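The values are calculated or read from the model by the stated rules, or taken from the named source; none is laboratory data. In this text, all values refer to a predicted model and were calculated from it rather than measured experimentally. Every residue, glycine as well, gets a Cβ built from its backbone with ideal geometry; the counts of neighbours run over all protein chains shown. Ligands, DNA and RNA are stripped out before the accessible areas are found, and what is left, the full protein with its side chains, is counted by its heavy atoms. Shrake-Rupley method; radii C 1.70, N 1.55, O 1.52, S 1.80 Å.
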Amino acid sequence: MDPTRTLFYQYTGMALSLLAAWITLRCARTVIAAGRGDTARLSVRKRDGVTLLLVTLFQLLTLLQLLVSGPEHAAGMLLGFAVLTAGEWGCFLLERGRDLPGFFPELIAFFLTGVGFAVAGTSTPDGMVKQSLLYLSALSMFAIMLLYLRHSRLAVRLPLPAGLAAAAVLAVTLVLGDTVFGAKSWIRVSNSTFQPSELVKILYLYAGTAAMDKLSRRSVLIFTGFSAVCVGLLALMGDFGTALVFFVAYLVIAYMRSGSIPLILLAVAAAGAAVALVVTRYPYVAQRFSSWGHVWEDPLGKGYQQVRAMSALAAGGCFGRGAGTGWLKDVYAANTDLVFALVSEELGLIPAVCCVLLLILLAAYAVFSAGRVYSGAYYAAGCGAVTMYLAQTALNVFGSLDLLPFTGVTFPFVSRGGSSLLGCWGMLAFLRAGERLHLTAVGTGKKAPAKPADKSNGKKSAAGTAAGKTASAKKPTAKKPAATKPTAKKPAGKTAPAKKPAPKKTGGRGDRA
Amino acid sequence: MNKLSRRALIALVLPLLVLSGLGIFLSRLALHGREWATYSANEHIYTAGVLHSGTLTDRNGVVLATASGGDYTYADEEAVRFASLHAVGDHRGNVDLTAMELYADKLAGYDLIEGTSGAGETVALSLDSRLQAGAWYALNGRPGAVVVMNYKTGEILCMVSSPSYDPAVGPRTSADGYYINRVTSAGYIPGSVFKLVTLAAAREHIPDLESRVFTCDGSVEYYGEPVNCTGVHGEQTIEQAFANSCNVAFAKLAVELGGQTIYETARKLGVVGALPYAGGATNPGRFDVAARGTTPEAWSGIGQYNDLVTPYAMARLCAGVANGGVVREGTLLAGDKGREKRIMDADTAEYLGACMNYNVVYSYGKNNFPYLDLCAKTGTAELGDGTTHAWFVGYLRSGPPLAFAVILEQGGGGLIAAGGVANHVLQLANGYYAS
């Protein structure tokens, strides 16, 4: 490579890493604010606007690198990134005045999706139109989900049909599905394929959390049985990675619903016994993972992909070799199963690690969102969604690097693949569904959300009402009245008045932020 | 909701696990990133498994091989190219464990921050191209190997394996053994040079060794099978028996010590077992423990039977003797110091050294090695078909701190054939490195 190009990739690579780190730091501060219950700060959209600007800049730089690497695909790249940018700013503007605090979850999703565009740009440069269409579908999915969830009372609608649908889709996949590398989890429609299990995740979260405001022992048991069916069907497909993702999400939701540690231990023990049974009865299942931890002993056979992933990752260094210049993209499944290494190789280790850190931050955001979410169902669904994201991330990243068995699970938002992208954006809606700027009471779904007050002046209303949410989110004040409640049956009415004095105290904070 | 938000903390377990997983991965990257990045699939620095860029020079800056954007050039001097093929390597990747391969990580210019930028680095090897050429000329086309190492640092100054070809041209024939570095990757029957091992074992296990008298009538029998000697040496001390390379005396020692003891000593001395060398490992050699009190056991202590050693292992053993029982593992990097390892007591080392010097003074003839303060052992290893490998191993007791091993395949007598090659190379080295 001539020295000018080397220098170009070097400097743009450093800029990419700098931007990724900066974005991550800004997001970390947002989450710290969320952890403190400082919702006032969360709801300042200007702050998130600046971060989105950095995200866009990051995407423009990857576009620039891709254009230099493959000028012959310039038209597709320009179109793809134009759609990407238009989508994220469109979303940002459309959400204005919609009673949503900040832009944080979308911000992270857009950053990761942008990285996914870079992955698509290098691995399938001819497919940018398709990628753009998938992206628009995913955004539509998010919008539809969000509108539906926000305007319906989840607690009373459809958990049973959703659950039945989830199980049915998995069963149909098991019967009709195509087997790709040991996992019968693909459905072929004409000449394109998709993975129904990605979309079943949405149904599962919906069905699993919708009825949870009716906290009863029986509903937890039903949920457990339903989860066992889903996980079992996935395992029958041979899609053990996704099965594990569902199982981990089950653990989180089940614990949130029941608060029962014995139940969790029992579930883990039962799953462990099932795995032991399968491994002893069908040793070939274990053989699929026999190279785990030994990939360097068989770099041309079973360890082929992982060895190359690790090599390319190390070759990329912290700042990457430049989008479009890598070689890992030619290895099978590089843009899905090995995507962490592909991103490391081309964009750098720092952006790749930032992708993982951002998902961790998203999880923390969901956990700390109790004060902004009016319904326990949405809260649990949000926590379930981030658990699925992170379980996938762990299996994807550590599987490709030989720290975990290589299961072929996608990296949320980043891995190439339509069903995955749709599923991830769909799940994101759960994180946003229950969030309200005007949350006046913390409860278990009793209090109806306030409608956005004035759409024309969303920003102002955000700042002005910040005080209200701050109070409800502030744990010290919120904790005491709730703790006195024996069950969570009808706390809303009583907690609300108890908190009323608080807003005035913290009002100044909201203004400062 | 408060209860719920407390329960929700369980959803932070997985993020924390992922975070610690990232930590583990990053530490693994810091530890192994160099190995990963220099794996030959990395097309940023390799084309079809061959490094794109980087320069290897000898210890004085003479270019031995250089690659730039996939073009490869080698040393200017033809003899150096032939001589250095096995140590330096060939861009066709024909030879194993070459500097090109062993130091690919350094040549590629990997670091944790930059990854493999492909710019290529210059790596100075410990080889001296003048000694390489000298050894090549001295071998004069005969199959064999020469290795010379600095016993104070482990730096390998000369490593030549013959037959060879010009890496700039490529192999003209696919004849057997062209691609093997005979110094490190070939196991040879050691013959009498193995008596160094038996002598070391005897020194450590037989207290009255030096007061004994060994009588040689030309042969000794075990279960009716004879072990023949090269002559009739009569009554000898152990030093004399060693200098005479008396098979009868060493057969008796071998049977008295037992194969197991000799094997353990051989392992300790590194004559058997793969040795670390320049980040790679040598051929492990071989020593089979034979039945007690039989001729195979006797022969195994004389370096026959199934014994196999590499020239490198013999040079390293001599380096240990020279350096008071402590070796520096071999390295091909200029200015590098190999890892230290004690392979024998200082007392044993001193004793072996004295015996090896005695050999030169009373048996081989100092005049055959003018100006050299030499300690050495010859070997004439019988192949069973009437031909013999010629061995000559040893070190310089004063002057430049060099240990060496020379072998000529089916080259005749150790002293005349191999000793001549050794003398030629050592004279050059003594001239270049006399301080």
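Return the single residue from B:262, B:24, B:45 with maximal mean-square fluctuation; model: Gaussian network over chain B, springs between Cα atoms under 10 Å.
Of the options given, B:24 has the highest mean-square fluctuation.
Just to confirm my numbers, what's the Cα centroid distance between the range B:47-121 and the range A:37-72 in Å?
Taking the Cα centre of each part, the range B:47-121 and the range A:37-72 sit 43 Å apart.
Compute the Rg to Rh ratio over the protein assembly as shown from the alpha carbon atoms, using the Kirkwood formula for Rh, and round to two decimal places.
My calculation of the ratio gives 1.14.
With runs of 4+ DSSP H residues as the only contributors, calculate the mean residue ellipticity of chain B at 222 nm using -39,500 (n - 2.57) per run, divided by the residue total and rounded to the nearest 500.
-10500 deg cm²/dmol
What ranking, highest mean first, results for peptides A:350-357, B:411-418 when packing means the other Cβ atoms within 10 Å averaged over each residue?
Going from most to least packed, we get A:350-357, B:411-418.
With every protein chain kept in place and ligands, DNA and RNA left out, what is the accessible area per residue of the protein assembly as shown? Probe 1.4 Å, answer in Å².
Per-residue value: 38 Å².
What's the carbon and sulfur percent of the protein assembly as shown's accessible surface, probe 1.4 angstrom, rounded to a whole number?
Carbon plus sulfur share of accessible area: 60 percent.
Counting every Cα pair in chain B, what percent are over 42 Å apart?
Across chain B, Cα pairs with separations above 42 Å total 23 percent.
Which GluC sites (Glu not before Pro) does the range B:345-435 hold that lie in a coil by DSSP with at most 15 other beta carbons within 10 Å?
none
Using a 1.4 Å probe on the heavy atoms of the protein chains only, list every residue of the range A:307-322 that has 20 Å² or more less accessible area in the complete assembly than in its chain alone.
A:308, A:310, A:311, A:313, A:314, A:315, A:317, A:318, A:319, A:321
The range B:94-139: which residues show an accessible-area loss of 30 Å² or more, assembly versus chain alone, 1.4 Å probe?
By number: B:113, B:114.
Restricting everything to alpha-carbon atoms, can you work out Rg to Rh for the range B:191-433 with a Kirkwood hydrodynamic radius?
0.95
Provide a list, ordered by number, of residues in the range A:324-353 showing at least 20 Å² less accessible area with every protein chain present than when their chain is taken on its own, using a 1.4 Å probe.
When all protein chains are present, A:327, A:349, A:353 each give up 20 Å² or more of accessible surface.
Rounded to the nearest 100 Å², what is the sum over both chains of accessible area buried where B meets A, with a probe of 1.4 Å?
4000
Among B:248, B:13, B:183, determine the one that fluctuates most according to a GNM of chain B built with springs between C-alpha atoms less than 10 Å apart.
Answer for the Gaussian network model of chain B: B:13.
Of the listed pairs B:106/B:152; A:46/A:130; B:252/B:341, which have alpha-carbon separations greater than 27 Å here?
Long pairs (Cα-Cα over 27 Å): A:46/A:130; B:252/B:341.
Let me know the whole percent of all Cα-Cα pairs from the range B:122-235 that are separated by more than 21 Å.
61
Two decimals, Cα atoms only, Kirkwood Rh: what is Rg/Rh over the range A:347-437?
Ratio of gyration radius to Kirkwood radius: 1.01.
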